[in-house]
Every structure is written in C-alpha cells, then in structure tokens.
Amino acid sequence: MGQLKNNVEATANKISFATLLMTTGIVFGDIGTSPLYVMKAIVGSASALTESYVVGAVSCIIWTLTLQTTIKYVLIALKADNKGEGGILALYALLRRHKRKGIYAIAIIGASTLLADGIITPAITVTTAIEGLVNISPSLPVLPVVIVIISVIFFIQRFGTSNIGKSFGVFMLGWFLMLGILGVAAMTAYIPIIKAFNPYYAVKLLIDSPSWFLVLGAVFLCTTGAEALYSDLGHCGRKNITISWIFVKIMLILNYLGQGAWIITHMGEASGINPFYAIVPDGMMIFAVIMATGAAIVASQALISGSFSILSEAMNLHFWPRMQIKHPTNIKGQLYIPVVNAFMYIAVIATVLMFKNSAHMEAAYGLAITITMLMTTFLLGYYLRYTSKLGIISVSLFLGAYCLIEGIFLAANLSKFTEGGWFTLLIGGMLCIIMFVWVNALKIRSRYITVKKISDYYDIISDIKNDGSIPKYASNLIYINHSHSDDEVDDKLIYSIINKQPKRADHYWIFNLSYVDTPNTLEYSFKTLVPGTLFCVNLRIGFRIEPRVSLYLRQIVEDLVKTGEIDLASTYPSLRKNGIAGDFRFIMIHRVYYPEDAQNSRQNLLMSLYSIIRKIGIDETKALGLDTSVVVVERVPLIIGGRAKNIRRIERIL
C-alpha cells in the first residue's frame, strides 16, 4: 500500500490512466464495499417490503452519495487542503492558527470517532464477504474463516504492504466493473427502478414510512467511506480523486439499482437474503466471493494504514502520547505502530466474536462515523469563513444544510444505540478521553514551566567552559528545549548547566523543537550565540514527520563543518592531532508532577490520569529518535511545593 501511495504522491497533480488506477485502489476501498451490506440492512429495517419502499430507499442512497460524498467531500472538502494534505487533523492544523476557542475539541471528537470506525469496518466488510460462502455451501464455517483472514491482514502489517499494494488499483478496477455489470444485468428484471433518480421518491419514503429513522440509519452506511476519501487527499491529489469518483459512483449506483430491482421482483423471499449475492449468477458465485473478500481486504488495509497515519499526526499535534513507530520499508508514508496494530487486532476480533454476523454489526456501524462527519462539517465551516471569499450568509447556509442532514442521520443512527451502536461509541469515547486528558495535562505542564533569557548567562557559561578545575562533562553538550525564541530557555536548563553538577563542555547546543501546522515541513536554522561556545538550532517539524533528532543532528553538523561555521575537532591534544571529533551528549529535562505540591484536586486527578496514559507510549528520548547511549535524563519537580507546615524545631535531647 505504501508503494502505491508513494507512486501516486509523486504524480498527484498529474492525470493519467496510471494515476487514476492507483487512486481507485487507494481511496475507494471502504465506500466501494458498501454494496455488500447496505441493501441487506435496508431490507432488514423494513416493516413491510413494497415497491415504493425499495424505490425510495435506493433514491435515498443515490442522493446521499450525491449530497454527502460528491458535494460535501469531493467538491468542497478536497479544496480545504493543508499544503496538499487532507483529513480532519490536517484541517484542524490549518485552522488552529486562528485560535478559535474549543476548535481542538472538535478535532479530537472527530479523530476519535474516525479511529473507532476503523475497528468496525474490517469486521463488517470481511464478515459480509465471507458470508457469501453460505450461498455455495450452507455448512461452511464463516467465523473461523473471518478470524483467519483478519489475523493475516494484521500480521502482515509489520512487513509493510508495498508489494501487494501495487495490485490494489487493478483489483479494485475489476471489483467496480463487476459491481456495475451485475447491477445492469439485474436491472433488466425491473427497468422502472430508474425512477429512484427522482428525489421525490426519497422524500415520499421519509414522509410515509413510520420507521424512516431505521431506513436512514441503514442508508447512511453507503457513504461511510467518504471521510477516508478526504484523508487520502495528500496521497492522490484532488483531480485524480474527483475524476475517479465519477466512475466509482456510477458503478455503485448501478449495483444498488440492480439490487433494488431484484428485491422488488422477489418480495416474498428477499427477507434474510443478501441482495448483493442474490444478483450474482450461480456460476459466478465463487468468483464473486473471492472478489468481495479481496475488496474487503483492501478496505481493511486502507483503514488500518489510515489509523496509523491519524495517530502519527495526533502525536505531533500533541493529542496523543508518543509511540514507537516503525518503517517496514524505505517508502515514504509506510508506517507501522505495533501497539496500535495489536489493539486494533484484539478489538476487531472481539467485534467479530461479539456480534457473530454482519446483520448484528450493521447496528454498531455508522454511528461513530456520523459524528466524525458532523465534526468535519464544523471545521469546514471555520475554513470557509476564515480562508475563503465566501460571505457569512453562504457559510451559514452550508453549515445549516449539512448540520441538518447529518443531524438527521445522527438521530437515525442513535436509534441503533442499544443494538450495537454503543460499542463504537464506547471505543470512540475511550480514545476521546485519552486525547482530552493528554491535551489538558500538557497545558497544565506548560503553565508551570518558566523561561529565562540565556543571554543573561553568556558570561558564566563561558567561564564554566574555561574552568579547568571542573571535570569536562562532554565535548558537545546538547539540550532539547521547546521554545520559539533563540534567547529563551527552560529555567531548569540553566540550573542543569550551572547548579546541578556544573557541566563543562567545549560547545553547548540549544536545540529548539517546534511542531508546525504544515504537514511535511522539515527545516532548521542555526545561530551562534557565543562564538566557539554556545550555539542554537531551531528545528521545525511538520505534523506528518516522525522526529529523528539524532539523524537530523548528524546532517546539521556535517553542513556546519562543511561551511566552516563550527570546528568539532576534539580539544584533547592526542585526539585533535589525529583529527578525531569530540563526543556528543544529550541532556533531557524531565519534569515530574507530585500531587502533594498542588492544592487543585481536579488538576491532581488530571495529572494522575496523564501519568497512567504515558505508560502506553514511549519516553521522550525514544520519541525524538535519540541514541539512548548518549542521553542523560535529569528529573526535576514540575511544581516546587511551599514550606512544610507540620515540621517544627525542638531542642536536642541527650
């Protein structure tokens, strides 16, 4: 998958058959598997199957795909890019510079529910595909096969998916062509099904049906992959996605029309049968099951890879604790997060075992992603208001229309809460709590960190360097400092150099790390603060870049030595004579929160939860990609408590 994404990324602004083919394989796996279960869910929601009900339901699907996927995501959201990147967190990163109060909460809720959707999607798509085996032999076991396939999907993540990714485009092209051909063939049994293009029948169904909310809950499943479509903007480019969507949408609608025609002509037997497999000729059934399973694997792979990318972005946006990220291949964008992969695997298997069949999973599906879409709508409203030329009236109309549409879908999906919707909300809620605790705990930590002007300490740092009575600590001493100013440093950094075992070094380096709102930024600036003694490096890292500070330092030093701005030869005569460079040592300042030093009970609870959540991540040394053999971590209290109240002096008793 990574190789496929990398190839498309290189030609995202070009349009050719190859780029369109790759886009089809990357972007539309989730939404492309919806015909496997949408019409089955609609039939299951009917109090009584009638021709008007089926035509109205198919009409709802057509216009949901048009209003939600085509207009909102393809025509509007794809233009809301952050340096070419899309998705709810990329959109948030673009907008947070406006400092609107509470906007981070919208992004957190949307990202959490999108991740929860990544749990249910592999379960329902693979299960529905394998259930087609029942049409070949009713005695074939479904659940064991589903568990084996899901296990294989998650197992291969550690090796990367570049090789199988190359065939995704060709495979998905065949899948969509199969959908369209099967749909056209089935439509011949009831040509009047094309009345579904008229929105009148959709409105009529919603007015006449007493269970319209159940119908809409099932209809919404046809557009659940639209959010993933937006997230893949950076891999494929807007033009490729837009053009590919025309083809994909036509094939999807043809298949839905074909399934609708079959239901109308088989009213008596439609209940309990999956219309997707019902329109497949008997001689093609094995082929259809294989194709459906392959499409489910593609959709699952896309959601898993997407989850890795979302959490990687969340780490750099300070929404999530740092975790170990591996790169199975040398391909840009190919991520693998072992802890996340294991958690998702357990959650997906638990979902399959809990719900047992796709009909029960349909009740759990859709609710979480509806919330994600609603959050994206809010952020798009901010985007249109602050970064476009649209007036307040146009933006209000957009927000009002889509909040109404998605609010109705949300209400419809809430009706499935007790039947399974609680499951994805539980997962999304847990992720949301973790993000909220993390964000607010970091705000508390930043409140207690004070800075000092390092220019006030130039003289004493120079004196320490030249004081031969102090043992040399290192040739090059590097401090990681989170500041946007060359002259401001954490006060504990000054304390470490001067007071806590005075540290003599030939050179002192201040590394300022800042995570910026652009996705792929990786740049640095260099400034000499005290010639030959104190240097400052400002490193700017985009929210899609994994920090590797040791690697960056090596390149920066090579650049500076080449330009003659620094001399890193060791000051020890024996080493300098032989051209040996001085050693490097990193100092990390880790502030520890002690509840007894604070009187705020809410803050104590929040920071206690923060300390628990930190355990699922890795320490800052590993998070920054530092060589642990040259890192010293100095622990200091975050809050300096006041004087003890219960201690008193007494005369010594002999």
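The values are calculated or read from the model by the stated rules, or taken from the named source; none is laboratory data. Values in this document were obtained by computation on a predicted structure and should not be read as measured data. FYI the Cβ positions are ideal-geometry reconstructions off the backbone, even for glycines, and counts take in every protein chain you see. Just so you know, the surface numbers come from the protein's heavy atoms only, side chains and all, with ligands and any DNA or RNA stripped out. Shrake-Rupley method; radii C 1.70, N 1.55, O 1.52, S 1.80 Å.
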With all protein chains present, the chain has a carbon and sulfur share of its accessible area (1.4 Å probe) in percent of 61 percent
For the pair Leu442 and Ile243, the simple spin-label estimate (label points 7 Å beyond Cα toward Cβ) gives in nm 3.9 nm
Taking a ≥ b ≥ c as the square roots of the Cα gyration tensor eigenvalues, with a/c under 1.5 meaning rounded and otherwise prolate when a/b beats b/c or oblate if not, the range 460-594 comes out oblate
Computed over the chain, protein heavy atoms only, probe 1.4 angstrom, the accessible area per residue in square angstrom equals 43 Å²
For Lys389, Lys615, the accessible-area ranking with a 1.4 Å probe, largest leading, is Lys389, Lys615
Each label sits 7 Å from Cα toward the beta-carbon; between Glu51 and Ser167 the label points are separated, in nm, by 4.5 nm
Listed by chain and number, the aspartates and glutamates with an alpha carbon less than 19 angstrom from that of Lys577, same-chain partners under 8 positions apart left out, are Asp506, Asp567
Taking 0.36 nm per residue of separation between Leu551 and Arg649 and subtracting their Cα-Cα distance, the length gained on full extension comes to 29.8 nm
Once both label points are put 7 Å beyond Cα along the C-beta direction, the Asp463-Ser271 separation in nm becomes 9.2 nm
Tilt, helix 392-414 to longest principal axis of the chain (alpha-carbon atoms), in degrees rounded to tens, equals 70 degrees
If the label point sits 7 Å along Cα→Cβ of Tyr386, residues of the range 437-469 with amide N under 12 Å come out as none
By the mean-Cβ-within-10 Å protection proxy, highest first, 555-561, 50-56 rank as 50-56, 555-561
Ranking Ser496, Ser309 from most to least accessible area with a 1.4 Å probe gives Ser309, Ser496
The lysines whose Cα lies under 23 Å from the Cα of Lys622, excluding any fewer than 8 residues away in the same chain, are Lys326, Lys332, Lys443, Lys492
Checked the range 68-218 with the C-alpha gyration tensor, a ≥ b ≥ c its square-rooted eigenvalues, rounded below a/c of 1.5, otherwise prolate if a/b is larger than b/c and oblate if not; verdict oblate
Mean separation of Cα contacts under 8 Å (at least 6 apart) over the residue count of the range 518-624, i.e. the relative contact order in percent, is 18 percent
Taking a ≥ b ≥ c as the square roots of the Cα gyration tensor eigenvalues, with a/c under 1.5 meaning rounded and otherwise prolate when a/b beats b/c or oblate if not, the range 286-387 comes out oblate
Mean Cβ-within-10 Å packing, highest first, puts peptides 129-136, 197-204 in the order 129-136, 197-204
Karplus ³J(HN,Hα) for the range 232-239 (6.51 cos²θ - 1.76 cosθ + 1.60, θ = phi - 60°; Hz, whole; x = Gly/Pro) runs 8, 4, x, 7, 10, x, 5, 5
Longest principal axis of the chain (C-alpha) makes with the long axis of helix 285-316 (C-alpha) an angle, in degrees to the nearest 10, of 30 degrees
Restricting to Cα pairs under 8 Å and 6 or more apart, the percent relative contact order of the chain works out to 19 percent
Asserting the computed 222 nm helical MRE of the chain (DSSP H runs at least 4 long, -39500 (n - 2.57) per run, divided by residue count, to nearest 500) equals -17500 deg cm²/dmol
Residue span Arg635 to Glu558: 0.36 nm per residue of separation minus Cα-Cα distance leaves a gain in nm of 24.6 nm
Ignoring ligands and nucleic acids, Arg158 exposes an accessible area, probe 1.4 Å, in Å² to the nearest 10, of 110 Å²
